[in-house]
Amino acid sequence: MADTVRVRTLADGDWDAVVTLERDAYTGLGLSEGRAALQSRAAASPDTCFVVDVGARTAGYLLALPYPPHRYPDLARGEQRTATACPPGNLHLHDIVVAPGLRRTGLARHLLRHLTGTARARGDERISLVAVGGTEPFWSARGFVPEPGVVPAGEYGGEAVYMSRPVAAARQTRPRPSLSPSPPAPTLREVS
């Protein structure tokens with residue numbers, strides 16, 4: 001993939017692409033929610049909802065919002081609350097979709113890595129999700145484990161499994177011992 005890949009916060013101008021991606025991914029499973037429900041979830045926690053761009057194309061999206069552990073959004077209705085109604089602790093990954101022609105290229109990994117960093121910065125301890133349509137093995141390979149006794153509502157489909165994983169601590173690298181004195185670090189300047 002030669003184009004630049006960028007994960008950014010979902011913006012108002014992204015909704016046509018997001019709704020199309022969601023519809024194409026979930027209509028066949030009977031799980032498509034529609035624009036109003038999707039927008040209500042993003043409005044509940046705008047700082048935890050992202051898109052991934054490949055070049056100038058919106059190639060995927062992720063919607064996540066704080067939810068108490070072992071609970072999840074009701075697909076039959078939109079969100080009636082904001083993120084401040086639920087303190088940090090558990091960030092629920094409600095939806096992640098990558099465009100069909102770009103699946104298996106690492107874009108979902110970019111989105112998930114960005115979400116994990118966001119959860120860590122917020123002080124969340126866990127990320128949860130409901131695996132649908134037989135995707136439990138995909139999520140298991142990414143460290144999510146089924147939560148016994150939590151059975152998602154029938155609206156998520158017969159194969160739905162509630163899963164979660166801890167938010168990994170930031171990797172810390174140990175400095176290597178130096179045999180000679182290090183030169184002073186260069187001064188870096190961010191350019192906007």
#### Entry: Gln80 paired with Glu155, simple spin-label distance in nm, labels 7 Å along Cα-to-beta-carbon
1.1 nm
### Task
Using label points projected 7 Å from each Cα along Cα→Cβ, tell me how many nm separate Ala11 and Arg109, to one decimal.
2.8 nm
### Counted charge near Asp16, where neighbours are those whose Cβ lies closer than 15 Å (Asp, Glu -1; Lys, Arg +1)
-2
### Task
Quote the charge dipole size of the range 1-83 about the Cα centre in Debye, to the nearest 20; the model charges only the Cβ of Lys and Arg (+1) and of Asp and Glu (-1).
200 debye
### Task
Could you check how many percent of all C-alpha pairs in the range 85-171 are farther apart than 18 Å?
46 percent
#### Entry: Cα-based Rg and Dmax for the range 18-169, where Dmax is the largest Cα-Cα distance (Å)
14.3, 43
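No lab work stands behind these numbers, since they all come straight from the coordinates. Just so it is clear, the model here is predicted, and its values are computed rather than measured. All Cβ positions, even for glycine, are placed from backbone atoms using ideal geometry, and neighbour counts span all protein chains on display.
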